[in-house]
Amino acid sequence: MHEPIKKLFPYFSNSLIDDIDTNATIQEFKTGDVLMRTGQYIRNTILVISGRIKIYREDENGGEFFMYYLQPGQACAISMICATKNETSQIMAKVVEDVELIMVPLSLMDKWMMQHRSWYEFVIETYRSRFEEVLDVVDNIAFKAMDERLVFYLKRHKEANNSNKLNLSHQEIATELNTSREVISRLLKKMEQRGLLILQRNQIELLKV
């Protein structure tokens with residue numbers, strides 16, 4: 001386990017890596033697997049080795065609100081927070097690309113925060129970066145029109161995928177932005193007419209977004 005940890009988390013101390021190697025396990029999950037559900041107690045925090053996980057909120061009717069993706073070299077801030085307060089999850093986590101994860105028992109969180117400076121700094125940075133990302137989402141919902149929110153959404157997916165070609169349906173975008181498919185289709189068509197993107201079946205190629 002040493003090599004993937006050192007490569008993806010180069011700032012971890014050798015003693016921390018030894019502790020992870022001794023106490024954590026590596027697990028694989030397939031696309032579509034739900035790793036975390038609303039109301040569930042969390043037993044492990046996860047460090048992503050490969051693949052991608054979607055973090056989102058779900059309402060009582062099954063509607064989704066996209067928050068952010070977890071990528072290789074990142075950890076789940078929500079599980080860390082739940083661990084410190086012994087609370088249930090308020091979010092959903094679903095695998096969108098087959099993942100390999102390091103599962104760290106939450107019982108070790110407090111101990112490592114005191115014993116390993118590199119773990120403490122990693123946790124604080126994880127909180128900070130996720131807080132800023134959620135603030136961006138809130139700002140877009142509160143202060144921007146749907147066309148601006150759509151551009152912001154597409155940019156985030158472009159960065160997360162490191163690709164101009166996004167495999168997204170209009171309905172999927174509508175669900176995650178909590179609007180109708182018709183509204184999204186109309187806005188995407190306008191963007192295509194302006195030369196900002198090219199629409200294909202279940203794929204969007206970004207040109208100037």
What is the angle, in °, between the Cα long axis of helix 146-161 and the longest principal axis of the Cα atoms in the chain? Nearest 10 is fine, range 0 to 90. 50 degrees
Quick one: if the Förster radius is 41 Å, what FRET efficiency do Glu172 and Ser15 give, using the C-beta to C-beta distance and rounding to 0.05? 0.40
Can you give me the % of accessible surface on the chain that is carbon or sulfur? Probe 1.4 Å, all protein chains present, nothing else counted. 47 percent
Want the number for Thr88 to Lys111: 0.36 nm per residue separation, take away the alpha-carbon distance, what's left? 6.2 nm
Ordering 11-18, 87-94, 54-61 by per-residue average of other C-beta atoms within 10 angstrom, highest first, gives 87-94, 11-18, 54-61
For the chain, what is the accessible area per residue in Å², given a 1.4 Å probe and the full set of protein chains? 54 Å²
Explain nothing, just compute: Karplus ³J(HN,Hα) = 6.51 cos²θ - 1.76 cosθ + 1.60, θ = phi - 60°, for every residue of the stretch 16-32 in order, whole Hz, x for Gly and Pro. 5, 4, 4, 5, 4, 4, 7, 10, 9, 10, 9, 10, 10, 9, 9, 3, x
Yeah, the stretch 82-122 with a ≥ b ≥ c from its alpha-carbon gyration tensor (a/c under 1.5 is rounded, else prolate when a/b outruns b/c, oblate otherwise) is oblate
Restricting to lysines and to Cα separations under 23 Å from Lys165, and discarding same-chain partners fewer than 8 apart, the set is Lys30, Lys54, Lys94, Lys155, Lys189, Lys190, Lys208
Compute the length gained on full extension between Asp59 and Asn164: take 0.36 nm times their separation in residues and subtract their Cα-Cα distance, giving the result in nm to one decimal. 34.8 nm
The stretch 49-146 shape via C-alpha gyration tensor axes, a/c threshold 1.5: prolate
Most fluctuating residue given options Glu97, Glu125, Glu159, as computed from a GNM of the chain linking Cα atoms under 10 Å: Glu159
Rounded to the nearest 500 deg cm²/dmol, what is the calculated helix-only ellipticity per residue at 222 nm for the chain, with -39500 (n - 2.57) per DSSP H run of length n ≥ 4? -14500 deg cm²/dmol
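The values are calculated or read from the model by the stated rules, or taken from the named source; none is laboratory data. What you see is a predicted model, and the numbers here were worked out from it, not measured in a lab. Quick reminder, even Gly has a Cβ in these numbers, built from the backbone with ideal geometry, and neighbours come from all protein chains shown. What goes into the accessible areas is simple: the full protein's heavy atoms, side chains included, and nothing from ligands, DNA or RNA. Shrake-Rupley method; radii C 1.70, N 1.55, O 1.52, S 1.80 Å.
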